[in-house]
Amino acid sequence: MEANNNHQNISQATTDEIERDEMAFDYLIVGAGPAGLATAIRLKQKNADLTVCVIEKASQPGMHSLAGAVIETAALDELFSDWRQTPPDVWVPVTKDEFSLLSASSKTPLPLPPQQRNHDNVITSLGALVAWLVEKAEALGVEVYAGFPAQQALLDEGRVVGVRTGDMGLDKQGSPKDSFQPGMDLKAKVTVLAEGCRGSVSKQLIKHFSLDKNSQPQTYGIGIKELWQLPPGRVTPGLVQHSIGWPLDTATYGGSFLYHLENDQVAVGFVVGLDYQDPRFSPFEAFQQFKHHPTVKPVLEGGEIVSSGARALVEGGWQSLPTMDAPGVMLIGDAAGTLNVPKIKGVHTALWSGIYAADHLVEQADSAGWDQAFRQSPVAKELYQVRNIRPGFQYGLWRGLLNAAWQTLTRGLVPGVMKHHEDHSALKRLSEMTQRDRQWVERDLPPRDRLASVYFAATEHDEDQPVHLQIADPDICTSRCAQEYGNPCTKFCPANVYEMIETEQGRQLQINAANCVHCKTCDIKDPYQIINWVPPEGGSGPNYRNL
Amino acid sequence: MKVLVGVKRVVDFNTRIQVKSDGSGVQTDGVKFSMNPFDEIAVEEAIRLKEAGLATEVIAVSIGGDKNQDTLRSALAMGADSALLVKTDDEIQPLMAAKILKNLVEQQQPKLVLLGKQAIDDDANQTPQMLAGLLGWPQATFASKLEIDGDTAAVTREVDAGLETLSVDLPAVVSSDLRLNEPRYIKLPDIMKAKRKPLEVIDLADLNIAASASIATLKTSAPPQRQAGIKVESSEALVAELKARNLV
Amino acid sequence: MNKILVIAEHANGVLNSSTARAVACAAAIGGEITVAVLTTGSCDVAAQAAGLEGVVSVAELTNPGNAQALAALQAPQLLEISAGYTHVLAPNSTFGKDLMPRLAALLDRPMVTDIMAVQDARTFDRPVYAGNAITTVQVDDDGLVLATVRGASWPPVVQTQAPVTVECQTSDIDLPAHTRFVALDGEQGDRPDLQAAEKVISGGRGLGAAEHFALVEAVADKLGAAVGASRAAVDSGWVPNDLQVGQTGKIIAPDLYIAAGISGAIQHLAGIKDAGTIVAINKDPDAPIFEVADIGLVADLHEVLPALTEML
């Protein structure tokens, strides 16, 4: 219940007077995504006697999962021998790759970067993959509990001994309602944090144990995605299309994806590096603009949106990986930051990190040594090789592309590690940026606006619960931030959570917490770092369909 | 007093419904399913009766495919003592559902059957009344308050005219409305316990219930989109327009 | 030739307009329409039913058990008289929804809930998934068609024809004693319930402040309407949660819905898509609410609402 940006609070479990249930497992995994489920599955495969518990904040596993998602499948071969007979519900082998540069009116094919060659890869939906993995995990005896967020880590004499799940049934002021159900303490020999990008408990513990003191700052992107149902005959199942360029300026890193599925569906999305500079910039608007490009709009026009959502992703790569273990706890997948940016893929590295983590636990029965074990793994080598590609784009698109070509040619063998800067510090003040004409067009494809987009995300939060977006100092919003940055939260949030409204008492920040799709962008990009994203009541949040 | 409570597995209330382009129904792939919210209220009420010492046993029943076991496990996690799944992959319409429930009532001999007033998928609002009719039992539909006193129940019903109170002799069928209670949050240890509670699966065919006449669904379509109407220029014009349309 | 029995809903000697709506549906099906009125003996209601346009006869069933409309007591009486009809219809009100399935079970017949449109005498459109999809269903054998009729879809027939004959019949069957009426507590509070009201006026962020909600309430009181609100108004703390109309609040279908200062986010529209007439008052001409409003007025609420209160 505490505001946990004060890390000293996180170990004070005993001072809480509420009597809480307690349960113990051999291993506790926070987050039912590809990394956490791979760990759970591998653990039970290697030792069926272990008790393995996975908790997940979504109302059902997969409902908060969002990725492109074109994935490499070797990790699945490692986990299961006969899985190809009954793959996940969304499963379309890639047949063709296209990579192009967009201007406002045209599209120029570019040579395909080798990292983006998707021969043998598959287009899937992370939600469908997760649902599929959960079935396999449960069949092996893994306990998967959805609707239970980890609220805080439990520490005992400097060691993480488990997590406390969130309280249920608190009203807006934080007082218990009739339905109040205190969160419980889940304990384990080792807690594995698989929360995904910018996990809230991971964030607490990285700070508490200073796990990032030897690494570069983590950097992020925001991905926004829509699944479309189109009129018959437009899609080429298996076609993977990526673009860079318009509607982004060359100082902003990012690009689009358009994946052709079966049954007249396409997944369309856009990723923007959160080191963008312009406080007026809206990633959501950029995505919507991309959809109106003359080569894209004809594909979508007349179709309808099945589901939409957004999620921050890690882009820091090798040099931003924090120390991945601390006493009693391990970080895996994107909770640590294992995504391979040049490949724009994180699912396979998440799965592999989960497999390695399980192997480590089976051998060592402890968290100690996990960081070293991971850094010697093939996935770590994969990340090391491409470590200097993404940082080159700090210097703009063209120099970034040149650097990427150089890094690729040399296979990352040139020594040295390029540096990152924290994304929120990249934001320039209004006074430092002239408002640019982005040649953006009038839009007419759905969604009309961010609220309509949230509708397609089917996000749901009981309105009578504490606001889960904690602002340390709301005065900054109306004073300094309004002046210096023009409240960029009202632009970068893809779900219209933050609004500045005129009231009779003057301009005020209105937090529409119920719109939140749990993407974590605000926690990352807010220039004053006063927004703290904490999990809302269990089961709240988006209900994505095959994203 | 034994209580039988029915639970249906439905597309989650929060899902945005999309009609399949061929008109054969609504999209269900990748969609979340959960217990019908009105049934959840019925389960909650049954458990509260047990906690109050008025019910001795709560049996949750469901009709449908294997996935309904998840729904029954939720009812067990909430506090039901045992569960019964009548397994079938066929579409079960209300009249058939009522006949199946009647069969279970005859086997289990509950003194009270609690059902949700309607399922949020077909919105039929028929099964509780049909079951009561088939059994010749009293029915108290749309209940917002239930008080058991010996062999009778006082039930407050949410009717269009306000709140109606009925007194019914037990056994009876009661259908729950939204305001009957607020279902509890399921506790994690209770989910574990629920895995060990008895869940019996019976094949529908083994109940030997003759098929009922049914209603054919010819097609499913999206509701018509609303269109913009006229604009008026002033408050006076608005009032005149409302009067012309007999709305005020 | 179809023979259609419409079961009348009435209270305190007054025929409910839902009956005239069900008669309108019966007329669309086509055939000879009889209205069944279950009473304790007073002829007032039957006389009203006899004047409904298109009704050919009225069957009044009298029984001391009909003092209140209790399904367990009325279904057996209707079972007696339903023979010979091709259709039995009732309003899809709590009265009809309570009664009809019980009658259907006694007849061992399936039933159609909530007819919105008639395709042919045995084929109907009805809403499912809270109106988010419409199914076309057919009673595809030749047995009795039992159905309830969605009020909002059928404007009531007028009550102007020369009254037809009323056939009075005393029902002497034994009625069960297991169900007893205790009390009816009528309208709660001063305003009608949001969910059941025929008229609703909702306020949104355009009101600007909590105290301006009084402007909405004044119009509501003048109209006898319920008061609702958009999520923005609820989130701003101007009104309690239970007034919220929309996807995460109440889904309503009043005959008249007035949206005052509501932009019309898709979430709000999801709660009013079945409303009869939508009136939008907003100073922003580009507000999405105007794309679905039957009558739109681009103006300042703070002037319009007091003017409406004055004129209505």
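Summed over region B:125-136, residues that are surrounded by fewer than 24 Cβ atoms within 10 Å (Cβ to Cβ) and touching a strand residue (DSSP E or B) at 6+ places or on another chain (Cβ under 8 Å) total 1.
Cβ-Cβ distances below 7 Å connect the following pairs, each with a first residue in region B:130-149 that is more than 7 Å from chain C (Cβ to nearest Cβ) and within 13 Å of B:PRO171 (Cα to Cα), a second residue that is of a type in the set (Val, Ile, Thr) and assigned to a helix (DSSP H, G or I), and a separation of six or more residues or different chains: B:LEU135/B:VAL105. Within region B:49-96, the set of residues being of a type in the set (A, V, I, L, M) and either touching a Pro at 6+ places or on another chain (Cβ under 6 Å) or open to solvent by 60 Å² or more (accessible area, probe 1.4 Å) (or both) comprises B:ALA52, B:LEU54, B:LEU95. Only one of the numbered conditions (1) within 14 Å of another protein chain (Cβ to nearest Cβ); (2) in contact with a Phe, Trp or Tyr (Cβ under 8 Å, 6 or more places away or on another chain); (3) open to solvent by 50 Å² or more (accessible area, probe 1.4 Å); (4) of a type in the set (A, V, I, L, M) is violated by A:VAL417, and that is (1).
Of the strands (runs of 3 or more DSSP E) entirely within region A:80-143, those holding at least 3 residues that are touching a Ser or Thr at 6+ places or on another chain (Cβ under 8 Å) occupy A:96-102, A:107-109. Across region C:254-270, the number of residues qualifying as within 12 Å of another protein chain (Cβ to nearest Cβ) and closer than 28 Å to C:SER17 by Cα comes to 7. Taken over region A:376-398, the criterion of being in a helix (DSSP H, G or I) and open to solvent by less than 60 Å² (accessible area, probe 1.4 Å) is satisfied by A:VAL379, A:ALA380, A:GLU382, A:LEU383, A:ARG390, A:PRO391, A:GLY392, A:PHE393, A:GLN394, A:LEU397. Listed by first and then second residue, the pairs with beta-carbon distance under 6 Å, at least 6 apart or on different chains, first residue in region B:156-176 and facing chain C (nearest Cβ under 8 Å) and under 18 Å from C:ALA196 (Cβ atoms), second open to solvent by 10 Å² or more (accessible area, probe 1.4 Å) and outside any strand (DSSP E or B), are B:GLU158/B:ASP177; B:VAL159/C:THR94; B:ASP160/C:SER93; B:ASP160/C:THR94; B:ASP160/C:ALA196; B:GLY162/C:GLY186; B:GLY162/C:GLU187.
I'd like to verify a number: residues in region C:167-188 that are of a type in the set (S, T, N, Q) and open to solvent by 80 Å² or more (accessible area, probe 1.4 Å), how many?
Initial filter on region C:167-188 (of a type in the set (S, T, N, Q)): C:169-171, C:179, C:188.
From what's left, open to solvent by 80 Å² or more (accessible area, probe 1.4 Å): C:169-170, C:188.
Residues flagged as of a type in the set (S, T, N, Q) and open to solvent by 80 Å² or more (accessible area, probe 1.4 Å) within region C:167-188 amount to 3.
Against the numbered list (1) of a type outside the set (Ser, Thr, Tyr); (2) in contact with a His (Cβ under 6 Å, 6 or more places away or on another chain); (3) open to solvent by 10 Å² or more (accessible area, probe 1.4 Å); (4) not in a loop (DSSP other than H, G, I, E, B), A:VAL266 comes up short only at (3).
Taking region C:216-228 as the range and being open to solvent by less than 10 Å² (accessible area, probe 1.4 Å), farther than 21 Å from B:ARG179 by Cβ and touching a Ser or Thr at 6+ places or on another chain (Cβ under 7 Å) as the test, only C:VAL219 passes. Within region B:201-223, the residues that satisfy the criterion of being within 8 Å of chain C (Cβ to nearest Cβ) and open to solvent by 80 Å² or more (accessible area, probe 1.4 Å) are B:LEU218, B:LYS219. Among the aliphatic types (A, V, I, L, M) and touching a residue at least 24 places away in the same chain (Cβ under 8 Å): does that describe B:ILE17? So B:ILE17 fails the test. The strands (runs of 3 or more DSSP E) found wholly in region A:156-215 and carrying at least 3 residues that are buried (at least 24 other Cβ atoms within 10 Å of the Cβ) and not small (Gly, Ala, Ser) occupy A:159-165, A:185-193.
Looking only at region A:167-179, which residues are facing another protein chain (nearest Cβ under 10 Å) and under 15 Å from A:GLU17 (Cα atoms)?
Once the filter is applied, which keeps residues that are facing another protein chain (nearest Cβ under 10 Å) and under 15 Å from A:GLU17 (Cα atoms), region A:167-179 yields only A:ASP167.
Here A:CYS519 fits the description: more than 14 Å from every other protein chain (Cβ to nearest Cβ), in contact (Cβ under 8 Å) with a residue 40 or more places away in the chain and closer than 25 Å to A:SER540 by Cβ.
Of all residues being more than 7 Å from chain B (Cβ to nearest Cβ) and open to solvent by less than 30 Å² (accessible area, probe 1.4 Å) in region C:124-142, which is nearest to C:ILE252 (Cα to Cα)? Just the residue, please. Reasoning before the result, please.
Narrowing region C:124-142 to residues more than 7 Å from chain B (Cβ to nearest Cβ): C:124-126, C:142.
Within this subset, residues satisfying the condition of being open to solvent by less than 30 Å² (accessible area, probe 1.4 Å) are C:124-126.
Values: C:PHE124: 22, C:ASP125: 20, C:ARG126: 17 Å.
Looking at the filtered set, the residue picked out is C:ARG126.
Would you check which residues across region A:216-245 are among the charged types (D, E, K, R) and in a loop (DSSP other than H, G, I, E, B) and list them?
Correct list: A:ARG234 only.
Among the residues of region A:399-422, those identified as assigned to a helix (DSSP H, G or I) and of a type outside the set (A, V, I, L, M, F, W, C) are A:ARG399, A:GLY400, A:ASN403, A:GLN407, A:THR408. Against the test of being modelled with pLDDT under 95 and open to solvent by 10 Å² or more (accessible area, probe 1.4 Å), the options A:PRO294, A:PRO298, A:PRO342 yield a single qualifying residue, A:PRO342.
Here region A:303-334 is the region considered, the condition is being among the small types (Gly, Ala, Ser) and out of contact with any Lys or Arg (no Cβ under 9 Å at 6 or more places or on another chain), and the residue that is surrounded by the fewest Cβ atoms within 10 Å (Cβ to Cβ) is A:SER320. Whether any residue in region A:101-111 is hydroxyl-bearing (Ser, Thr, Tyr) and surrounded by 23 or more Cβ atoms within 10 Å (Cβ to Cβ) is what I want to check. No, region A:101-111 contains no residue that is hydroxyl-bearing (Ser, Thr, Tyr) and surrounded by 23 or more Cβ atoms within 10 Å (Cβ to Cβ).
The set of residues in region C:286-297 being at pLDDT below 95 and more than 9 Å from every other protein chain (Cβ to nearest Cβ) consists of C:ASP286, C:ALA287.
The values are calculated or read from the model by the stated rules, or taken from the named source; none is laboratory data. Everything numeric in this text was worked out from a predicted model, so none of it was measured. Virtual Cβ from ideal backbone geometry, glycine too; neighbours counted across all protein chains shown. Quick note on the areas: whole protein, heavy atoms, side chains included, nothing else; ligands and nucleic acids left out. Shrake-Rupley method; radii C 1.70, N 1.55, O 1.52, S 1.80 Å.
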